[in-house]
Amino acid sequence: MSEISSRDAARDSANARDAARDNARDNAMSVAAISSERPESDDNVWTRRLVLFLRVMALLSILKGLYHWAQVTGFVGGEDKAFENQSMAWQASTIYFAVIELVAAVGLWLATPWGAVVWLTTVVSMAVIELMFPGIYGGSLAVVAVEAIMLAAYLALAWMAARERPP
């Protein structure tokens, strides 16, 4: 009988130890689950910065697209700057940017590859129109500089985000 009681005592001791360990683990997991502090991870810092940049560019694209639609519909500008009184090149460019800026904004907000491509198309298109066709929007070098800065920022962030991910 002594052998059976010592086995029972050892089993009870092991069960008690396992129960205490399980209880401690469960308490730790439940505290971690309701904790308001999030563990900070530097794994994807550049990717998060790229997504933030894309969201800011999406908001800017929405504003630019709505401004172009306001020009088409006559909400901005006086009688002399009405859509109907502008050149055919100005009208075509304005409608092009009114549509493509809003499409780019959706893609940028969703952080999709096609959104970045459409946005890059708008950036390059605006720079080309300002540089090569100054009669359409006036040929402002300030607009070209801002577009170039945005393009450079995107390329730098995309490059840094790509370096974070292993091949």
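The Ala111 and Ala70 beta-carbon pair, evaluated with R₀ = 30 Å, returns a calculated FRET efficiency of approximately 0.65. Other residues with beta-carbon under 14 Å from the beta-carbon of Val123 carry, at +1 per Lys or Arg and -1 per Asp or Glu, a net charge of -2. Protection proxy ranking, highest mean first, for peptides 69-80, 94-105, 151-162, 118-129: 94-105, 118-129, 151-162, 69-80, where packing is the per-residue count of other beta-carbon atoms within 10 Å, averaged.
Of all the accessible heavy-atom surface of region 90-167, with the other protein chains kept in place and a 1.4 Å probe, what percent is carbon and sulfur? It would help to have the intermediate numbers written out before the result.
On the way: 3300 of 4160 Å².
About 79 percent, which is the carbon plus sulfur part of the accessible surface.
Here region 30-162 is treated with +1 on each Lys and Arg Cβ and -1 on each Asp and Glu Cβ, and its dipole about the Cα centre works out to around 160 debye. Label zone of Ser87 (point 7 Å out along Cα→Cβ, amide N under 19 Å): in region 124-167 this covers 125-144.
Placing unit charges on the Cβ atoms of the charged side chains and taking the dipole of region 37-167 about its Cα centre, the candidate lying farthest along the positive direction among Trp119, Trp90, Pro167 is Pro167.
The values are calculated or read from the model by the stated rules, or taken from the named source; none is laboratory data. Note that this is a predicted model, so its numbers are computed, not measured. Cβ atoms come from the backbone with ideal geometry, glycine included; neighbour counts cover every protein chain shown. These accessible areas exclude ligands, DNA and RNA; they are computed on the full protein's heavy atoms, side chains included. Shrake-Rupley method; radii C 1.70, N 1.55, O 1.52, S 1.80 Å.
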